[in-house]
Amino acid sequence: TAARLRDQLTAVRKAAERQNIVTGAGDQDALGMARSAAGVCVQIFFIRGGKMIGREHFLLRGSEEESDADILRAFLEQYYNQATFVPREVLLPHTIDAAGQEIIERWLAEKKGGGKVALLTPQRGTKHDLVMMATGNAEKFLADEETRRSLADEQTLGAVEELGRYLGLKKPPHRMECFDISHNQGQETVASMVVFEGGMPKKSDYRRFKIKSAEGKPDDFLSMREVTTRRYVGLPEDELPDLIIIDGGKGQLSSALEIIRGAGHLDVPVVGLAKQFEYIFTEGSSDPVILPRRSQALYLIERIRDEAHRFAITYHRKLRGKRNLVSVLDHIAGIGPKRRKALWNHFGTIAKIKAASVEELAAVDGMTLPAAEAVKNFFLAQEKMLAGEE
């Protein structure tokens with residue numbers, strides 16, 4: 001906390017200092033450059049009328065074989081090719097070759113449309129201080145970038161390796177598939193399957209299932225048997241994930257294992273995630289695995305569970321909304337199953353159908369002008385009835 005407050009105070013002081021910088025030399029761009037394992041950062045300070053008015057940084061990919069001068073020259077060519085303004089002076093942290101400098105100066109002068117443009121490498125004074133400040137900012141950006149990447153690695157690949165160790169797996173679970181069941185007292189029962197690879201969601205592989213076996217009655221065990229049957233029965237061994245997570249306790253884990261093991265998949269690890277406390281139940285053990293409260297493995301499991309729950313709930317709400325829409329349209333004369341489906345596909349919600357004009361309704365595939373008027377009149381009559389009740 002103390003370090004964070006110190007850095008904030010330093011940043012405020014530097015910002016105040018920058019506002020007061022006056023070079024007395026008109027328009028300049030001051031460049032700073034730094035290199036690290038995170039890449040190459042070039043920071044530009046924009047000096048206009050002797051005062052700093054802004055700054056911008058660029059993260060570049062530079063190979064170890066490239067010299068600072070080569071990277072700087074390539075950056076100058078690329079940046080000023082797109083720049084809308086060229087100052088009289090460009091202050092550099094390193095010199096570039098004399099021939100290249102002369103070429104770039106002539107090119108920048110032509111781009112400016114008159115007058116000379118000088119590339120300078122100041123060794124002392126205010127101009128030197130500007131370049132050093134820009135270089136310091138570039139170094140700080142790279143340090144922050146390395147910290148961010150390190151944290152991202154901890155939360156993804158590091159978390160995957162940590163989870164594998166806590167579960168006693170033979171290898172880190174690079175690909176994980178997690179299932180969740182969602183319903184409303186047995187109505188519109190659905191299942192979601194979310195996929196994480198390398199600790200990150202792979203949304204292109206997400207799947208959702210409309211459960212048929214448990215329709216009309218709440219039975220999560222039967223629903224889990226159906227979804228795991230549809231996913232894993234007949235699936236080749238080389239397409240199995242490294243870990244299957246069942247969002248549920250021992251009962252749902254047993255239901256899933258019955259299907260997965262029965263399909264001949266004997267080696268893929270399958271675990272159950274309790275609804276509370278994120279206890280993990282494993283096959284053949286009555287005691288759960290309890291992940292440390294502040295471990296990255298626990299945070300990863302929570303992200304996977306929340307994503308599976310979100311994806312299932314979203315699909316469930318969509319089906320429930322569709323069912324409610326159909327039930328309302330059932331009361332309108334001339335609107336049968338085909339027209340109900342066409343209206344749903346076109347508008348998606350009851351509110352949008354209510355707001356649509358007769359012309360917009362009639363334009364839907366399969367609709368006619370009389371049918372559109374019937375829909376419009378039905379909702380207008382509803383509104384009048386509700387207004388009368390109030």
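Does PRO93 satisfy the condition of being touching a strand residue (DSSP E or B) at 6+ places or on another chain (Cβ under 7 Å) and either surrounded by fewer than 16 Cβ atoms within 10 Å (Cβ to Cβ) or more than 21 Å from ALA143 (Cβ to Cβ) (or both)? Answer is no for this residue. Determine whether ALA312 is modelled with pLDDT of 85 or more, under 33 Å from the mean Cα position of the chain (by Cα), of a type in the set (A, V, I, L, M) and under 21 Å from ILE211 (Cα atoms). The answer is no for ALA312. Return yes or no: is GLY262 of a type in the set (Gly, Ala, Ser) and either more than 29 Å from the chain's Cα centre (by Cα) or more than 26 Å from GLU197 (Cβ to Cβ) (or both)? Yes: the conditions hold for GLY262.
Considering each residue of segment 346-374, count those that are surrounded by fewer than 16 Cβ atoms within 10 Å (Cβ to Cβ), among the charged types (D, E, K, R) and touching a residue at least 12 places away in the same chain (Cβ under 8 Å), and give that number. Within segment 346-374, residues that are surrounded by fewer than 16 Cβ atoms within 10 Å (Cβ to Cβ), among the charged types (D, E, K, R) and touching a residue at least 12 places away in the same chain (Cβ under 8 Å) number 3. Evaluating VAL194 against the criteria (1) free of Cβ contacts under 8 Å to residues at least 40 places away in the same chain; (2) open to solvent by less than 50 Å² (accessible area, probe 1.4 Å) leaves one unmet condition, (1). Can you confirm whether segment 279-294 contains a residue that is small (Gly, Ala, Ser), surrounded by 17 or more Cβ atoms within 10 Å (Cβ to Cβ) and at pLDDT below 90? Among the residues of segment 279-294, not one is small (Gly, Ala, Ser), surrounded by 17 or more Cβ atoms within 10 Å (Cβ to Cβ) and at pLDDT below 90, which makes the answer no. When you look at PHE45, is it under 29 Å from ARG148 (Cα atoms) and either aromatic (Phe, Trp, Tyr) or exposed (fewer than 13 other Cβ atoms within 10 Å of the Cβ) (or both), yes or no? Criteria met by PHE45. As a summary of the residue check, GLU161 satisfies the conditions (1) without any contact (Cβ under 8 Å) to a residue 12 or more places away in the chain; (2) farther than 18 Å from ILE280 by Cα; (3) of a type outside the set (A, V, I, L, M) except for the one numbered (2).
Please name all residue pairs, on different chains or six or more residues apart, with Cβ atoms under 7 Å, provided the first residue is in segment 36-56 and is on the phi > 0 side of the Ramachandran plot and the second residue is of a type outside the set (S, T, N, Q) and open to solvent by 50 Å² or more (accessible area, probe 1.4 Å). As it stands, the answer is GLY39/LEU59; GLY39/ARG61; GLY50/VAL22; GLY50/GLY24, since those pairs meet every condition given.
Please tell me if ARG18 is of a type in the set (D, E, K, R), modelled with pLDDT under 90, open to solvent by less than 70 Å² (accessible area, probe 1.4 Å) and on the phi < 0 side of the Ramachandran plot. So ARG18 passes the test.
The values are calculated or read from the model by the stated rules, or taken from the named source; none is laboratory data. Bear in mind that the values here come from a model prediction, so they are computed numbers and not experimental data. Every residue, glycine as well, gets a Cβ built from its backbone with ideal geometry; the counts of neighbours run over all protein chains shown. Only protein heavy atoms, including side chains, enter the accessible area calculation; ligands, DNA and RNA are left aside. Shrake-Rupley method; radii C 1.70, N 1.55, O 1.52, S 1.80 Å.
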